[in-house]
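I have placed the structure first, in the form of structure tokens, so that the comments after it can refer back to it.
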Amino acid sequence: MTRMPSYFISHGGGPWPWMPQWRDQFAPLEASLAEMPTQLPERPKAILVISGHWEEEGFAVMSAAQPPMVYDYTGFPPDTYDVVYPAPGAPDLAERTRDLIAAAGLPTRLDPKIGFDHGTFVPLAIMYPEADVPLFQVSLQKRYDPAAHFALGRALAPLRDEGVLIIGSGLSYHNLRAFGPGAKTPSEAFDTWLTDTLALPPAERTTALIDWEKAPYARDCHAQEDHFAPIFAALGAAEEDAATRIYHQKNIFGGVTASGYRFG
């Protein structure tokens, strides 16, 4: 197997691919997600997603053979609650993942019941619309400790050499109370900081990301960092690798700047 990169992606708003006006709004994101499979050295054996929409006391691992759907959004059109992304799970890889996390001294367990949340099925529906690549998730840990999530990523790193594509799925800007013109200055400043920081040498980059709250407008952009924390795991899995910005969009919903990145 050739080593896979890892990614931190912005997964957009709600079930946007099934809402025509929103899909138009996220056209640059859709193009970026659709291009990701072409950037890989080979077809993944499986895809592991760390989503901003699943958090537990420890790092739980989805282990169902056929995970169900989790419609973790509210107020959207009725048909968006009928969306099905029928990708198979990866029970054997889930056990391998659980063992790697446990070997790193991190709390973990298998979860045979949890299903795909929209931080996972939305981008994957664009990347692999045939839903024919095995797919599973690892949760965030509540409280979002950056060092713990970097440790998670380091524990997961061997999977990159086993054909597993690791994706941290969140948003580089996520303040639901400030979408629109009010997001322009904070999101642009934070986005610039993030891109510049990811270009630093690896040790400096890790230190800066762990201290991310010192970034300009950090808490304006992420009052709660559930959608930013996946970057720690994605980068921890590729800590020595160069970062490449694969997605960049301005004026989303009239003000938001957002980006996505590949590591390796």
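The values are calculated or read from the model by the stated rules, or taken from the named source; none is laboratory data. Predicted model only: the values in this text are computed from it and were never measured. Quick reminder, even Gly has a Cβ in these numbers, built from the backbone with ideal geometry, and neighbours come from all protein chains shown.
Within segment 213-222, the set of residues being over 17 Å from the mean Cα position of the chain (by Cα) and either exposed (fewer than 13 other Cβ atoms within 10 Å of the Cβ) or part of a helix (DSSP H, G or I) (or both) comprises Glu213, Lys214, Ala218, Arg219, Asp220.
Per-residue answers, yes or no, for (1) farther than 19 Å from Tyr7 by Cα; (2) of a type in the set (Gly, Ala, Ser); (3) in a helix (DSSP H, G or I); (4) under 18 Å from the mean Cα position of the chain (by Cα):
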residue: Ala155; (1), (2), (3), (4): no, yes, yes, yes
residue: Gly182; (1), (2), (3), (4): yes, yes, yes, no
residue: Leu194; (1), (2), (3), (4): no, no, yes, yes
residue: Thr206; (1), (2), (3), (4): no, no, yes, yes
residue: Asp241; (1), (2), (3), (4): no, no, no, yes
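Within segment 154-176, the residues that satisfy the criterion of being touching a helix residue (DSSP H, G or I) at 6+ places or on another chain (Cβ under 8 Å) and among the small types (Gly, Ala, Ser) are Ala155, Ala157, Gly168, Ser169, Gly170, Ser172.
Exactly one residue out of Ile210, Ile167 is among the aliphatic types (A, V, I, L, M) and farther than 22 Å from Ile246 by Cα: that is Ile210. Is there any pair with a first residue in segment 234-254 that is among the polar types (S, T, N, Q) and a second that is surrounded by fewer than 16 Cβ atoms within 10 Å (Cβ to Cβ) whose Cβ atoms are under 7 Å apart and which are 6 or more apart or on different chains, and what are they? Final answer for the pair search is Gln249/Pro28. Filtered by the rule that a residue be surrounded by 21 or more Cβ atoms within 10 Å (Cβ to Cβ) and β-branched (Val, Ile, Thr), segment 1-37 gives a lone residue, Ile9.
In contact with a His (Cβ under 9 Å, 6 or more places away or on another chain) and either modelled with pLDDT under 95 or buried (at least 20 other Cβ atoms within 10 Å of the Cβ) (or both): does that describe Leu171? Considered against the rule, which asks whether it is in contact with a His (Cβ under 9 Å, 6 or more places away or on another chain) and either modelled with pLDDT under 95 or buried (at least 20 other Cβ atoms within 10 Å of the Cβ) (or both), Leu171 comes out as yes.
Do you know which residues across segment 24-63 are free of Cβ contacts under 8 Å to residues at least 60 places away in the same chain and either assigned to a loop (DSSP other than H, G, I, E, B) or small (Gly, Ala, Ser) (or both)? Across segment 24-63, the qualifying residues are Ala27, Ala31, Pro41.
Scanning segment 2-55 for residues that are modelled with pLDDT under 95 and β-branched (Val, Ile, Thr) turns up just one, Thr2. Going by the conditions given, is Ile167 β-branched (Val, Ile, Thr) and part of a strand (DSSP E or B)? Yes; evaluated as a whole, the condition is true for this residue.
When segment 142-161 is filtered for residues that are surrounded by 22 or more Cβ atoms within 10 Å (Cβ to Cβ) and without any contact (Cβ under 8 Å) to a residue 12 or more places away in the chain, nothing remains. The residues of segment 38-71 that are in contact with a helix residue (DSSP H, G or I) (Cβ under 6 Å, 6 or more places away or on another chain) and loosely packed, with under 14 Cβ neighbours inside 10 Å amount to a single one, Ala65. Exactly one residue among Arg109, Arg143 is more than 24 Å from Thr206 (Cβ to Cβ) and basic (Lys, Arg), and that residue is Arg109.
I'm checking my understanding of the structure. Among residues of segment 250-264 that are of a type in the set (S, T, N, Q) and within 17 Å of Gly182 (Cβ to Cβ), which one is modelled with the lowest pLDDT? Don't jump to the end; show me each part of the working.
Restricting attention to segment 250-264, the residues satisfying the condition of being of a type in the set (S, T, N, Q) are 251, 257, 259.
If we keep only those that are within 17 Å of Gly182 (Cβ to Cβ) too, we end up with 251, 257.
Details: Asn251: 92, Thr257: 95.
Checked segment 250-264; the qualifying residue modelled with the lowest pLDDT is Asn251.
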